[in-house]
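S.K.: Please see the structure below; I have some questions.
The values are calculated or read from the model by the stated rules, or taken from the named source; none is laboratory data. Fair warning: this is a prediction, and the values are worked out from it, not measured in the lab. Cβ atoms come from the backbone with ideal geometry, glycine included; neighbour counts cover every protein chain shown. These accessible areas exclude ligands, DNA and RNA; they are computed on the full protein's heavy atoms, side chains included. Shrake-Rupley method; radii C 1.70, N 1.55, O 1.52, S 1.80 Å.
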Number of protein chains: 2
Amino acid sequence: MSDIKLTYFSVKALAEAIRMLLKYGGVDFADIRIERFGTEWPEVKPNMPFGQLPILEENGKVAHQSVALTRYVAKKVKLIGNDDWENLEIDAIVDTINDFRAKIASYYYEKNEIVKEALKEPLFQQAIPYYLEKFEQIAKQNNGHFALNRLTWADFYFVGMHEYLNSMVDTNLYENYPNLNKVVENVFSIPPVKIWVEARPVTVA
Amino acid sequence: MSDIKLTYFSVKALAEAIRMLLKYGGVDFADIRIERFGTEWPEVKPNMPFGQLPILEENGKVAHQSVALTRYVAKKVKLIGNDDWENLEIDAIVDTINDFRAKIASYYYEKNEIVKEALKEPLFQQAIPYYLEKFEQIAKQNNGHFALNRLTWADFYFVGMHEYLNSMVDTNLYENYPNLNKVVENVFSIPPVKIWVEARPVTVA
């Protein structure tokens, strides 16, 4: 009997790594999805910590922040490091993947067209190739993983949001990066993850 | 005999929480400071993981990402939670403080004057008061702390960068927030931290 409740929008984006990790570990949870563009979100938003989703509820307590939640769930399903230094290595690459996401998101969500245009070239010409080339090197050195030469929650963190990143820039970012594709394949081929990926709601992001 | 080396610019900003935590725990470390605007940084930058500082070296290994490094050092000096949920609470507020920093930084470091002007009102009229009021509530509920009603590395994370945040917006952000000032006082009054704060290099940020 689980009393874990994960609440997010009906997209993969910042919550999918959490969902995949719970599925990986066979942990039951309620996958609550609320409508981003309906009347529900404006009603719910003011009651969320810092007005954001995802949130995770367990034993009547509420927590927020997607990276923190992903780390918490990773501990439950034992996809963390074996010591503090290993966990530091995982945390560092996860925060770096998150920096990359934030750069893409600040372009994608920008409403001021002048600002958006100014962000475009530095993002597409500099930041994106810079990060992707470094990520590719790291995935190569770690044999299809992001850290420690083995499966950890860093891989789930990337794989959970890799389609969301593509959707924001409307392209396949990883096309020329075989080792990043290998990270995705490595996670997607784990039986309980594979079952989840085939059964989950179909969403673009 | 310590072989911990922390390398950063000669400012508090993203490394000061790490320095203060090491001082708090009586852990020896080399406080390496490189010149941001001299010839040194352009030479060093390409060899840094993802071109950024701070980095921390220990036993010949190198790690990066300031939040990850702060968490790692907090484990050494035992200013973490007592269980996974407590650590989740700390991680969530630290990432939220970091979101606040990122919003201020994206305004401060913006070089395009048109973009900068467009960022100004949403930052000063919306984001800054929104975050500070929530932080003040949290600090009040936790009796002068950011989490768990007691001293944790979340307090160090905020206190380490509070002057840097002020310097970016050229004002005292916390003037009307007595409980945020209490967080600062609580950390600064710890004897080894007090000694460090009086002895450390004087910098604005």
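S.K.: Taking the criterion of being among the small types (G, A, S), modelled with pLDDT of 95 or more, closer than 30 Å to A:A105 by Cβ and crowded, with 17+ Cβ neighbours inside 10 Å, would at least one residue in the range B:96-104 satisfy it?
M.R.: Checking the range B:96-104: not a single residue is among the small types (G, A, S), modelled with pLDDT of 95 or more, closer than 30 Å to A:A105 by Cβ and crowded, with 17+ Cβ neighbours inside 10 Å.
S.K.: Could I ask something else about it? Residues of the range B:37-66 being over 19 Å from the mean Cα position of the chain (by Cα) and of a type in the set (A, V, I, L, M), which ones?
M.R.: Once the filter is applied, which keeps residues that are over 19 Å from the mean Cα position of the chain (by Cα) and of a type in the set (A, V, I, L, M), the range B:37-66 yields B:V44, B:M48, B:V62.
S.K.: Right, another one. Considering only the range A:173-183, state which residues are touching a helix residue (DSSP H, G or I) at 6+ places or on another chain (Cβ under 6 Å), open to solvent by 20 Å² or more (accessible area, probe 1.4 Å) and not in a helix (DSSP H, G or I).
M.R.: Across the range A:173-183, the qualifying residue is only A:Y177.
S.K.: Take the residues in the range A:78-124 that are farther than 30 Å from B:K61 by Cα and small (G, A, S); name whichever of them is nearest to the other protein chains (Cβ to nearest Cβ).
M.R.: A:A118
S.K.: Would you check if A:Y72 is away from every other protein chain (no Cβ under 11 Å) and either free of Cβ contacts under 8 Å to residues at least 24 places away in the same chain or on the phi > 0 side of the Ramachandran plot (or both)?
M.R.: no
S.K.: When the range B:42-60 is examined, which residues are found to be open to solvent by 30 Å² or more (accessible area, probe 1.4 Å) and either facing another protein chain (nearest Cβ under 8 Å) or in a helix (DSSP H, G or I) (or both)?
M.R.: Across the range B:42-60, the qualifying residues are B:P42, B:E43, B:V44, B:K45, B:P46, B:N47, B:P49.
S.K.: Hey, can you tell me all the residues within the range A:133-162 that are over 17 Å from A:A92 (Cβ atoms) and surrounded by fewer than 18 Cβ atoms within 10 Å (Cβ to Cβ)?
M.R.: A:E133, A:K140, A:N143
S.K.: Shifting gears a bit: In this structure, does B:L88 turn out to be assigned to a loop (DSSP other than H, G, I, E, B), of a type outside the set (V, I, T) and either at negative phi or modelled with pLDDT of 95 or more (or both)?
M.R.: Answer is no for this residue.
S.K.: Only one of these is open to solvent by less than 50 Å² (accessible area, probe 1.4 Å), within 14 Å of chain A (Cβ to nearest Cβ) and at pLDDT 95 or above: B:A15, B:A63. Name it.
M.R.: Only one candidate passes the filter, namely B:A63.
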